[in-house]
Amino acid sequence: MALAVALVVLAVCLLAGLMIGAAGLSLKGIVLELLDHLPFVSVDSGLSPVERGLLFQLRLPRVILAAIVGGLLAMAGAGYQGVFRNPLADPYLLGAAAGAGFTATLVIVLVQVDGLVPLAAFVGAIGGVLLAYALGNTAARGGGTATLVLAGVAVASFLSALQAFVQQIRVEELQRIYAWILGGIGGDWSQVWLIAPYAVVSTAVLLAHGRLLDVLSVGDDEAVSLGVNAARVRLAVLCAASLATASAVAVSGLIGFVGIVVPHVVRRLAGGSYRVVLPVSLLAGAAFLVLADLVARTVLAPAELPIGVVTAFIGAPFFVGVLRATRAVEA
């Protein structure tokens with residue numbers, strides 16, 4: 001039921017993203033034009049050549065990219081929360097996004113090969129998460145919620161400082177890097193094809209581990225008694241979630257709070273089983289970022305608001321609420 005609702009919501013958001021903009025497109029025209037591109041289907045959409053170009057060269061790739069990035073960030077957040085058994089775990093808070101941002105900036109500034117950005121971001125994301133986790137465990141055995149969050153913030157701040165230092169090396173790239181840091185969704189098919197293989201692999205691995213994350217949620221001893229290798233499951237989910245975060249960050253910049261807001265809402269509405277939370281978070285995250293991108297490109301039209309600003313407006317107060325609720329439970 002939850003999956004069906006999420007699919008309907010996503011479909012509505014995708015159509016809204018295609019319809020609304022500086023030049024409006026009719027719902028009928030969009031649907032017929034999309035149908036016309038199916039094999040063995042030929043219908044007249046009534047759209048002009050300019051409107052068809054707007055739909056397929058600007059709106060469609062942008063909406064698809066927003067859906068992919070939002071879905072990956074939300075699903076990665078759910079994966080991190082399952083691994084750490086912590087509702088505050090998030091790609092942004094655990095240092096994955098900052099690590100990916102730092103290494104991606106290194107490639108942009110020093111190597112200047114866009115095709116290497118996702119790989120570099122993946123390495124940085126893995127390093128950021130491992131560093132935050134190690135720091136949290138060193139500070140306090142078992143790493144409580146507050147310790148893990150503080151470790152993630154410390155690692156993210158350090159890596160952000162390194163990123164700021166690196167970007168000063170090539171001043172002419174500052175505008176590009178600054179725009180990327182604030183987050184944004186482009187309208188280029190090349191970015192969709194660039195992120196697609198990483199998205200497929202990370203999504204497949206995370207969805208395949210939903211049942212195992214449910215087993216881990218009852219404790220490592222119980223998981224071992226059921227024949228589950230807890231360390232191997234954590235490593236696989238950690239790598240897949242970091243790959244999802246890295247690929248999303250590489251094409252969209254640093255977009256915060258998606259990985260904490262969406263999974264938390266999904267658990268409230270659909271229950272705590274990761275067999276449900278992971279796929280529903282994927283769909284809900286896609287719908288959420290499509291709507292956020294729609295707000296970003298219309299609220300100040302013809303100017304465009306960085307999408308990271310939109311998600312922060314929503315996510316920051318939501319995070320405070322989750323933090324207070326978590327502290328109340330721990331007390």
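The values are calculated or read from the model by the stated rules, or taken from the named source; none is laboratory data. In this text the structure is predicted, and so the values were computed from the model without any measurement. Here the Cβ is made from the backbone with ideal geometry for all residues, glycine too, and neighbour counts use every protein chain on show. Accessible surface areas use protein heavy atoms only, side chains included; no ligands, DNA or RNA. Shrake-Rupley method; radii C 1.70, N 1.55, O 1.52, S 1.80 Å.
Points to keep in mind about this one:
- Listed peptides 304-317, 68-81, 24-37 by packing density, highest first (mean Cβ within 10 Å): 68-81, 304-317, 24-37
- Considering only Arg170, Arg275, Arg211, the mean-square fluctuation computed in a Gaussian network model of the chain, springs between alpha carbons under 10 angstrom, is largest for Arg170.
- Point-charge dipole on Cβ atoms (K/R +1, D/E -1) for the chain, about Cα centre, debye to 20: 540 debye
- Across region 184-331, the convex hull enclosing all Cα atoms gives 117 Å³ per residue.
- The chain, accessible surface, carbon-and-sulfur percent (1.4 angstrom probe): 69 percent
- Springs between Cα atoms under 10 Å define the GNM used for the chain, and in it the highest mean-square fluctuation of Leu159, Leu291, Leu174 occurs at Leu174.
- Estimated FRET transfer efficiency when R0 is 35 angstrom, pair Ser225-Val8 (beta carbons, to 0.05): 0.30
- Normalising the average separation of contacting C-alpha pairs (under 8 angstrom, six or more residues apart) by the number of residues puts the relative contact order of region 215-331 at 22 percent.
- Evaluated over the Cα positions of region 208-260, the convex hull gives a direction-averaged projected area, one quarter of its surface, of 4.2 nm².
- Annotation: per residue accessible area for the chain equals 46 Å², rounded to a whole number [probe 1.4 Å, protein chains only].
- Nitroxide proxy distance, nm - points 7 Å out along Cα→Cβ at Ala161 and Ala16: 4.2 nm
- Net length available on complete extension from Gln112 to Lys28 is 26.0 nm, with 0.36 nm assigned per residue and the Cα-Cα distance removed.
- The chain: most fluctuating residue of Ala125, Ala134, Ala246 per GNM, C-alpha cutoff 10 Å: Ala134
- Phi-based couplings in Hz for region 209-222 (Karplus 6.51, -1.76, 1.60; Gly and Pro marked x): 9, x, 5, 5, 5, 4, 5, 5, 5, 8, x, 5, 4, 5
- Per-residue packing, averaged as other Cβ atoms within 10 Å, sorts the ranges 254-266, 182-194, 89-101 into the order 89-101, 254-266, 182-194, beginning with the highest.
- For the chain, the longest principal axis of the Cα atoms and the long axis of helix 27-36 meet at an angle of about 90 degrees.
- Rounded to whole Hz, the Karplus (6.51, -1.76, 1.60) HN-Hα couplings of region 264-281, x for glycine and proline: 5, 5, 4, 5, 5, 8, 10, x, x, 5, 6, 5, 9, 4, 5, x, 5, 4
- Taking the convex hull of Cα positions in region 168-264, its mean projected area over all directions (nm²): 8.4 nm²
- With a simple spin-label model that places each label point 7 Å from the Cα along the Cα-to-Cβ direction, the separation between Gln168 and Leu35 comes to 6.0 nm.
- Distance (nanometres) between label positions extended 7 Å along Cα→Cβ at Tyr178 and Val265: 3.2 nm
- Ellipticity at 222 nm from helices only: DSSP H runs of n ≥ 4 in the chain, each -39500 (n - 2.57), divided by the residue count, give -24500 deg cm²/dmol.
- Cut-off under 5 Å, modelled amide H: who pairs with Leu94 long-range: none
- P(r) weight above 23 Å for region 1-109, C-alpha pairs, percent: 50 percent
- Restricted to Cα atoms, region 88-240 shows a radius of gyration and a Dmax of 17.6, 58 angstrom.
- For log10 I(q)/I(0) by the Debye sum over Cα atoms at q = 0.11 Å⁻¹, the value computed from the atomic coordinates appears in the list (1) -0.70; (2) -0.91; (3) -0.98 under label (1).
- Rounded Å value of the spacing that divides the Cα centres of region 190-207 and region 37-85: 13 Å
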